[in-house]
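Asker: The structure follows.
Values in this text are rule-based calculations from the coordinates and carry no lab data. Keep in mind that this is a model prediction, so the values were computed, not measured. All Cβ positions, even for glycine, are placed from backbone atoms using ideal geometry, and neighbour counts span all protein chains on display.
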Amino acid sequence: MGKNRPITIGRIDYANAWPIYHYAEELLPEGRFRIEQKVPSALNRAMRMGELDITSMSSFAYAQNAEHYLLLPDLSVSARGRVNSILLFTRKPIEDVLGGTIALTATSATSVNLLKIIMSLYFEASPAYLTMEPSLDDMLEQADAALLIGDTAIQASWASRDLTVLDLGELWRSWTGCGMTFALCAVRRETAEAEPEAVSAVLRAFTESKRRSIRALQPLVDKACRELGGEPAYWNRYFRELHYDFGPEEQSGLSLYFRYALRLGLLEHDVDMQFFEDQTALQVNE
């Protein structure tokens, strides 16, 4: 890592992270940075193995190895209620699901463990779990319900008129009164120490991309309709119902999630969220 090769940046391959990345690549100096696009589980693994310097990553995967990372401030993929892309599908009444089997997506640990927390502490249930590739029909052939995330969940929700669909962001909010943060942006500590100016450049690019995207959603809406289908009204609502900051409200909701995960033995230790400090910004303000 560092001066001998480009800073390698991971990008979540889902529409929910587009605002953070949509303009970022054009804002970064050419040749100094490389972006790799993968599903969350692959990014989490690459970050853990040191193959990435900076990435958006599942909140749970961050928590598992938080001592090795610093968070980029005020960047996340969060929802204060309905998230629209973390969905539990079932043909059966929820009472049957609670005592049955749920097929889990293999692509993100945050959503899987959010479902386990909700099932255990909210519903006071202990269903069996089966991990599968994210194919709704195949999952429902082997289980009573199926958890899908991201673009796959969105597209399945459009075609699932005969299914009951539960939004985990909405369930979490109705139960806890908190929002939920599904992904964070993090940098490996050794990269932050060795290349602070490069990390600052990425932070500024992400922050500016977020600002531009939220200010004018139409380019993202057009991209979503073109690449994923659906109607402009859906995508306008989708991006507006997500939140990309990571302020006190988002941090409080995520801290509660981490405490519940620790209580259930899903996490092995407390999580101390520590943030990268943009020294270039401090110098400008001095």
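Asker: Just to be sure I understand the model, the point goes 7 Å from the Cα along the line to the Cβ. What's the resulting residue 94 to residue 124 distance in nm?
Answerer: Here the modelled spin labels are 1.5 nm apart.
Asker: Could you tell me the relative contact order of the range 133-286? Use alpha-carbon pairs under 8 Å, at least six residues apart, and round to a whole percent.
Answerer: Dividing the mean separation by the residue count of the range 133-286 yields 23 percent.
Asker: Once you sort the root eigenvalues of the Cα gyration tensor of the range 1-43 as a ≥ b ≥ c, which label holds: rounded (a/c under 1.5), prolate (a/b larger than b/c) or oblate (the other case)?
Answerer: It is oblate, given that a/c is not under 1.5 and a/b is not larger than b/c.
Asker: What per residue convex hull volume, in Å³, comes out for the range 86-176 when only alpha-carbon positions are used?
Answerer: Measuring per residue, one finds 86 Å³ for the Cα hull of the range 86-176.
Asker: With a cap of 16 neighbouring Cβ atoms within 10 Å, and only residues DSSP puts in a loop, list the GluC sites (Glu not before Pro) found in the range 1-106.
Answerer: Here the GluC sites (Glu not before Pro) that fit, given the DSSP loop and packing criteria, are 30, 51.
Asker: At q = 0.09 Å⁻¹, what base-10 log of I(q)/I(0) does the Debye formula yield for the range 23-155 when every alpha carbon is treated as an equal point scatterer in vacuo?
Answerer: For the requested q values the scattering log ratios are -0.33.
Asker: With a ≥ b ≥ c the root eigenvalues of the C-alpha gyration tensor of the range 147-286, is it rounded (a/c under 1.5), prolate (a/b larger than b/c) or oblate?
Answerer: The shape class here is oblate.
Asker: Also, I was wondering about something else. Can you say what percent of the DSSP beta bridges in the range 86-176, counting only those with both residues inside, are antiparallel? Round to 5.
Answerer: Given both bridge residues lie in the range 86-176, the antiparallel proportion sits at roughly 55 percent.
Asker: Can you pull a Stokes-Einstein diffusion coefficient for the chain at 37 °C (0.692 mPa s), Rh from Kirkwood over Cα pairs, as a whole number of µm²/s?
Answerer: In µm²/s, the coefficient is 169.
Asker: Near the amide H of residue 8, under 5 Å away, which other amide H atoms are found, from residues 5 or more places off or on another chain, if H is placed in the peptide plane?
Answerer: 34, 53, 54
Asker: Related question: Testing the spin-label approximation: label points 7 Å from Cα along Cα→Cβ at residue 273 and residue 135. State their distance in nm.
Answerer: Simple spin-label model gives 3.8 nm for this pair.
Asker: How would 243, 68 line up from fewest to most surrounding beta-carbon atoms within 10 angstrom?
Answerer: 68, 243
Asker: Long-range amide H contacts for residue 74: which residues qualify at under 5 Å (H placed 1.01 Å from N, peptide plane, sequence gap of 5 or more or a different chain)?
Answerer: 246
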